[in-house]
Structure formats: C-alpha cells, structure tokens
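See below for the structure under consideration.
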Amino acid sequence: MKILVIQQKMIGDVLASSIICNNLKTMYPKSQIDYLIYPFTQPVVEENPNIDNLILFKDEYRTSKKAFLKFLLSIRKSHYDLVLDAYGKLESNLIVAFSGAKTKIGFQKSYTNFIYTKTTNTVSHTDSNAGLAIESRLNLVRALDNSIVLNAKPKIFLTETEIENGKKILQNHNIDLSQKIYMIGVLGSGTNKTYPFEYMAKLLDFIVEETNATLLFNYMPSQIKEAKAIYDLCQKETQKHIKIDLIPGSIREFLSITLHCNALIGNEGGAVNMAKALDIPTFTIFSTWIKKESWNSFENGSTIVSVHLKDFKPEIYGDKSPKVMKKEALNLYQLFTPSLIFPMLKKYLKN
C-alpha cells in the first residue's frame, strides 16, 4: 500500500502530524509512507524510520501555477492508495483531489465531502493530556480503524553522531554538563508571540538566582539583535551565566544540543514541541492570544508545565476567540507580569 500524509505549515505542525506516519506504519508495516511538508521543516522528521520518503513542497509551487500543476501531476503518477490531509487548506485540497487515491481522509468542512471519501472533526475537548492539536490529528487515523490504540507522542530521532556532536559543542564552550543547563526560548516566531523583553529578562534573573544554571539562548541568526537586547536587560550576574555566543548552525544541531539540557524554558513554539519530542522537560509561556488547550500537550504539572495569562485573568477572555484576542496581544502581554509566573516557575525549577 502507498500512503501519502500531507502537512504543510510550520515545524510544530509537521512534528505533531508525524504521529500519523508513526501510527500508520504500525498499522500497515509493509506500506510505503510518504510525508508531504515544506522544506524548512524537514529537520524534525529526518531519520524517522516510519517515513519512507519526504515529499518537499517547494516555494515555486506556491508562486508558479505551471510548477504547481506539474507537481500535482507527479502526485497523480505516484498512484497513492491512501491520502490523509492534516493541513486542510486549498493547497492540500487540490493535492488530494489530484491524487486519484481510492481513500482520501481529511477534516470536515462545508465543502470537504466533494474532496474526501472520509471526513473527521477537529477536537474541541479531550480528556487526554495530548492536547487538541494532537487528538485532532489522531482522529484522521481513527477514521481508518476506531478500535486501534494509537500512540500520541511525537518523537524526534537523532543519530549517535549527532548526539555526540551536541555534547562536544557544549564542551567546546566550556559548559560543565554535570551542572544545570537550560535552553531558553527567548523569542517567539513573531512580536505577538514573544514575551516582552523586560519581562523575559526578569525571568532569566530569577532562574539564575534560583539555580545558578547555565543559560543557552535559542533564536534564529536574524534575531541576534533582539536576543542581545534581552541579554542587555539582564543583571550583570545573570549575563555571566548566559552563553549568548553559542548559536546552533542548524535545527538538527539545536536538537543535538537541547538533548543535553535539563529543560527548555520560554516562549511557546516549535522549539517547545521539539524539546518534548526529545523527552526534555519544558516550561512554556504561551502567547496571550494562542489557545493553550491546543498545544499544551502532555502537560503533567511537574516536568511539562505551561502558563497563560488566561490562567490568572480568565475574566479578560470570556468566550472571545483567538482571532479576536490576537488584535489585543501586545496590550495583554503587559498584564502578563513576571510576578504572576514566579511562583509556578520556582516550583518547576525545584522539580
């Protein structure tokens, strides 16, 4: 059987949807499973033994109708038996429609019955700790067999060489691996997903004061100005504990370094999801407009913990949608003061 799983979009989404591939390989061990993703997300699913081929959706397919049509025809010629669409947008709808697969599974929308042979609903409530985003993706697999027990945990696979390389990078920066090391997600993917700089600096001061740990900053090279701005806002003693010059050269290198850390602490995003897939503890600060229930996967109150302004000030939110709250994100961040977070962070650091 030839199977195509589709998940365009960001790193966190691609990692989350990799559980579809993992479970399908368990269900159909002799099948060929191909995973359609954006090129920049490839590092989080490399070396995954449950994925036979990565199909990269190049930028030219989005900018050139001719290139996109050629790509659609190549999907058609692959003769997939089964297609599961975890993206559910126009791009993936067209890919599914062109695939010619006998079985096509996607999320229920007003028009999807014309595209898919089976549809399933996204989850709005769950009793599991996997989170709504994970459970919704598992529903796509359940559409094939609702009786099977599924594994909800995404996993990243590193080679022994990569693991050893991460260790060497830390040692080359004179970092003692026997002491506490925290990877810090100092910046989100955008301004409205980034905890205010001055607040983040206060959290870093608190972490060093409580633990005397070494802090590593996770940020993209293009964000070095912002990272240094946060560094400059920290107390001098805190700055001595920050290895701001340690910048991973790639996502895989970041993963190999994070594997040797005691925890990842910081803004919600792809880095948090990657750390969880490496079984590294996380303390996540959610953006003031993101729906926490969707992405606070595997939270257990001890090693996997998250905080959201809504936890402390639910009256601000009421029944307002994330789309509505997004417009107020920056103003809401000003209310999300470090003093609200300190008690939970102190407990977390002790754990």
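The values are calculated or read from the model by the stated rules, or taken from the named source; none is laboratory data. Since the structure is predicted, the reported quantities are computational estimates derived from the model, not experimental observations. Neighbour counts are summed over all protein chains in view; Cβ atoms, including those assigned to glycine, are modelled from backbone coordinates with ideal geometry.
Couple of notes before you dig in:
- The residues listed here are 63, 26; of these, the one that is out of contact with any strand residue (DSSP E or B) (no Cβ under 8 Å at 6 or more places or on another chain) and either closer than 25 Å to residue 220 by Cα or without any contact (Cβ under 8 Å) to a residue 24 or more places away in the chain (or both) is 63.
- Of the helices (runs of 4 or more DSSP H) contained entirely in the stretch 242-296, those carrying at least 1 residues that are closer than 18 Å to residue 200 by Cβ and either in contact (Cβ under 8 Å) with a residue 24 or more places away in the chain or outside the structural domain of residue 126 (by TED's automatic domain parsing) (or both) fall at 270-277.
- Looking across the stretch 195-229, just one residue is of a type in the set (Phe, Trp, Tyr), part of a loop (DSSP other than H, G, I, E, B) and farther than 21 Å from residue 336 by Cα, and that is 219.
- Meeting the requirement of 1 or more residues that are closer than 20 Å to residue 152 by Cβ, at pLDDT 95 or above and not acidic (Asp, Glu), the helices (runs of 4 or more DSSP H) wholly within the stretch 1-107 are 11-27.
- Matching residues, the stretch 300-314, being within 19 Å of the chain's Cα centre (by Cα) and either closer than 19 Å to residue 193 by Cβ or surrounded by fewer than 19 Cβ atoms within 10 Å (Cβ to Cβ) (or both): 300, 303, 305, 306, 307, 308
- Long-range neighbours under 9 Å by Cβ, at least six apart or interchain, first residue basic (Lys, Arg) within the stretch 1-18, second part of a strand (DSSP E or B): 2/32; 2/33; 2/34; 2/82; 9/37
- Scanning the stretch 66-118 for residues that are surrounded by fewer than 16 Cβ atoms within 10 Å (Cβ to Cβ), in contact (Cβ under 8 Å) with a residue 60 or more places away in the chain and under 17 Å from residue 144 (Cα atoms) gives no hits.
- Hey, residue 341 buried (at least 20 other Cβ atoms within 10 Å of the Cβ) and either modelled with pLDDT of 95 or more or under 22 Å from the mean Cα position of the chain (by Cα) (or both) or not: yes
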